[in-house]
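The values are calculated or read from the model by the stated rules, or taken from the named source; none is laboratory data. Remember, predicted model here, so these are calculated numbers, not experimental data. Here the Cβ positions follow ideal geometry from the backbone for every residue, glycine too, while neighbour counts run over all protein chains shown. Heavy atoms of the whole protein, side chains included, go into the accessibility calculation; ligands, DNA and RNA do not. Shrake-Rupley method; radii C 1.70, N 1.55, O 1.52, S 1.80 Å.
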Protein chains: 2
Amino acid sequence: MEKIPILKMGPFLLVTIQVDLYDRLALSLEADLVQMVKKTAAKGVLIDISAVSIVDSFMGRIFGNIAGMCKILDAETVVVGMQPAVAITLIELGLPLTGVHTALDVEKGMKLLTSKVDIDIESDDDLDDDHNTI
Amino acid sequence: MEKIPILKMGPFLLVTIQVDLYDRLALSLEADLVQMVKKTAAKGVLIDISAVSIVDSFMGRIFGNIAGMCKILDAETVVVGMQPAVAITLIELGLPLTGVHTALDVEKGMKLLTSKVDIDIESDDDLDDDHNTI
């Protein structure tokens, strides 16, 4: 089993990481995710790392990369279920996960994504209003 | 990473199987799932096996067991994302997954679960109506 499945749930994609993200797998996950975001026009990506207990600088960078790529494709990324030990390690490694949103669990992450997408839609409306007034 | 994470999504639980379900892991998944169904009062369990390409009779039995246990605890089980090769193997092994609902992907599985829970609620209402008329 070489691929991490990406599940489509409404306007969002859900990825659960259960195996060690060695280099090749992480890069293929990156590529698959970006493809899926484009294919499904997803507005958000949820990455569940509750099963991840060991993290290294490579994995920390991967989350940042995925968030950056998805952002360009107009999708927000939320990492959920991080174990306290992983948070400690990430900060000690000097990887504060800038640009990545986090939430305690999938439900809270889903709420966060929904609110972000709502805000985006609202600000788009505001933009339209501005255009109308000009 | 020894545990398969169980994600709570509203009234349902979601499990993505990405690793080979060897005996001990499968039994601990069974136990964890039943505990979570009780703890969260979940109405349904979604098991995504899109990453599973090889299945044996043990794994086939595990799905049946989980569905049976969840049913007793008043939760429906839907297995989603089965690869055609897995379906072929299961039938050839003489395991038609009786008692287990299946759907093509997570979204369809979620819809199936929602409809099943709705029907349950409706039939409960009917029961109440009957009681009223008697």
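Just to check your reading of the model, which residue among B:85, B:31 is within 14 Å of another protein chain (Cβ to nearest Cβ), among the hydrophobic types (A, V, I, L, M, F, W, C) and part of a helix (DSSP H, G or I)?
Working: B:31 fails: within 14 Å of another protein chain (Cβ to nearest Cβ).
Residue meeting the stated conditions: B:85.
Here are some residues: A:8, A:38, A:43, A:108. Which one is within 14 Å of chain B (Cβ to nearest Cβ) and either hydroxyl-bearing (Ser, Thr, Tyr) or within 23 Å of residue B:108 (Cβ to Cβ) (or both)? Give the derivation first.
On the way: A:38 fails: within 14 Å of chain B (Cβ to nearest Cβ); A:43 fails: within 14 Å of chain B (Cβ to nearest Cβ); A:108 fails: either hydroxyl-bearing (Ser, Thr, Tyr) or within 23 Å of residue B:108 (Cβ to Cβ) (or both).
Matching residue, one of A:8, A:38, A:43, A:108: A:8.
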* Somewhere in segment A:62-74, is a residue at pLDDT below 90, surrounded by fewer than 16 Cβ atoms within 10 Å (Cβ to Cβ) and away from every other protein chain (no Cβ under 12 Å)? -> no
* Please specify each residue of segment A:75-89 satisfying the condition of being more than 12 Å from the chain's Cα centre (by Cα) and open to solvent by less than 10 Å² (accessible area, probe 1.4 Å). => A:86
* Do we find a residue being closer than 23 Å to residue A:103 by Cα and hydroxyl-bearing (Ser, Thr, Tyr) anywhere in segment B:11-25? -> yes
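Okay, residues lined up against (1) aliphatic (A, V, I, L, M); (2) within 16 Å of the chain's Cα centre (by Cα):
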{"site": "B:2", "(1), (2)": "no, no"}
{"site": "B:6", "(1), (2)": "yes, yes"}
{"site": "B:28", "(1), (2)": "no, yes"}
{"site": "B:31", "(1), (2)": "yes, yes"}
{"site": "B:37", "(1), (2)": "yes, yes"}
{"site": "B:62", "(1), (2)": "yes, yes"}
{"site": "B:91", "(1), (2)": "yes, no"}
* Which one is least open to solvent (accessible area, probe 1.4 Å) among residues in segment A:11-26 that are more than 7 Å from every other protein chain (Cβ to nearest Cβ) and without any contact (Cβ under 8 Å) to a residue 24 or more places away in the chain? -> A:25
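Just to verify a result, which residue in segment A:51-61, among those that are open to solvent by 40 Å² or more (accessible area, probe 1.4 Å) and of a type outside the set (Lys, Arg), is farthest from the other protein chains (Cβ to nearest Cβ)?
So the first thing to find is which residues in segment A:51-61 are open to solvent by 40 Å² or more (accessible area, probe 1.4 Å), and the list is A:53-54, A:56-58, A:61.
When the remaining residues are screened for being of a type outside the set (Lys, Arg), the result is A:53-54, A:56-58.
Details: A:53: 7, A:54: 8, A:56: 14, A:57: 19, A:58: 16 Å.
Once the filter is applied, the top-ranked residue is A:57.
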